[in-house]
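Asker: Dropping a structure here in structure tokens format, bear with me for questions.
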Amino acid sequence: MIIKIDFQSEEALYIQLRNQIILGVATCMIQEGDALPSVRQLAEDIGINMHTVNKAYALLRQEGILTIDRRRGAIIALDRDKIQAKAEMKQQLRVLLAKACCKNISCQEVHDMVDEIYEEYGL
């Protein structure tokens, strides 16, 4: 698994790590059932604090992307609750689309971006 962290970014490191793991799942680089590195190992590998990795893992667990197993560690276990996932996505999209409206980004431009991104994931 290749994690790209931008230490110059204003985005929090734990959010960058979370996003990289989600992108890894979406692009099938990480599969359901795969074990992620331990908190300590991943922190060492990418040069960040263990608490930062722990925070990213906790957020992914809360979002239904992974589970924590005492023996196997962090395991990708996608949340099957589609209704809840759609409701959360709708709430996030509402804000993103409001930002798009503020920047005069058209509905067609948004659709084009969505189509482009879905193609990246082979959907």
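Asker: For Lys82, go through the aspartates and glutamates and keep the ones whose alpha-carbon is under 17 Å away, minus same-chain ones fewer than eight residues off.
Answerer: By straight Cα distance, Lys82 reaches Glu32, Glu63.
Asker: Within the accessible area of the stretch 9-123, what % is carbon and sulfur when the probe is 1.4 Å and the other protein chains stay in place?
Answerer: Working: 4550 of 8500 Å².
Taking all protein chains in place, the stretch 9-123 shows 54 percent carbon and sulfur surface.
Asker: Evaluate the charge dipole of the chain about its Cα centre and quote only its size in Debye, nearest 20, assuming +1 on the Cβ of each Lys and Arg and -1 on the Cβ of each Asp and Glu.
Answerer: Details: 15 positive and 18 negative charges, 127 e Å.
About 620 debye.
Asker: How big is the convex hull of the Cα atoms of the stretch 5-48, per residue, in Å³? Write down the numbers at each step before the final one.
Answerer: Working: hull volume 3.3 nm³, N = 44.
So the per-residue hull volume is 74 Å³.
Asker: Grab the Cα-Cα distance for Ile22 and Asp112, subtract it from 0.36 nm times how many residues apart they are, and report the gain in nm with one decimal. Kindly include the intermediate steps, with their values, before the conclusion.
Answerer: On the way: separation 90, 0.36 × 90 = 32.40 nm, distance 2.16 nm.
This chain segment gains 30.2 nm when fully extended.
Asker: Provide Rg and Dmax in Å for the chain, with only Cα atoms included in the calculation.
Answerer: Just the Cα atoms of the chain yield Rg and Dmax of 16.1, 51 Å.
Asker: I've got another one for you. Considering only protein heavy atoms, what per residue accessible area in square angstrom results for the stretch 30-123 with a 1.4 angstrom probe? Can you show the working numbers first?
Answerer: Details: 7360 Å² over 94 residues.
Result: 78 Å² per residue.
Asker: Add -39500 (n - 2.57) for each DSSP H run of 4 or more in the chain, then divide by its residues: what number comes out at 222 nm, to the nearest 500 deg cm²/dmol? Could the numbers behind the result be given before it?
Answerer: Details: 5 runs with 70 residues, N = 123.
Calculated at 222 nm, the ellipticity per residue is -18500 deg cm²/dmol.
The values are calculated or read from the model by the stated rules, or taken from the named source; none is laboratory data. The model shown is predicted, which means the values in this text are computed figures rather than measured ones. Ideal geometry is used to build each Cβ from the backbone, glycine not excepted, and the neighbour counts take in all protein chains shown. We work out accessible area using only protein heavy atoms, side chains counted, and drop any ligands, DNA or RNA first. Shrake-Rupley method; radii C 1.70, N 1.55, O 1.52, S 1.80 Å.
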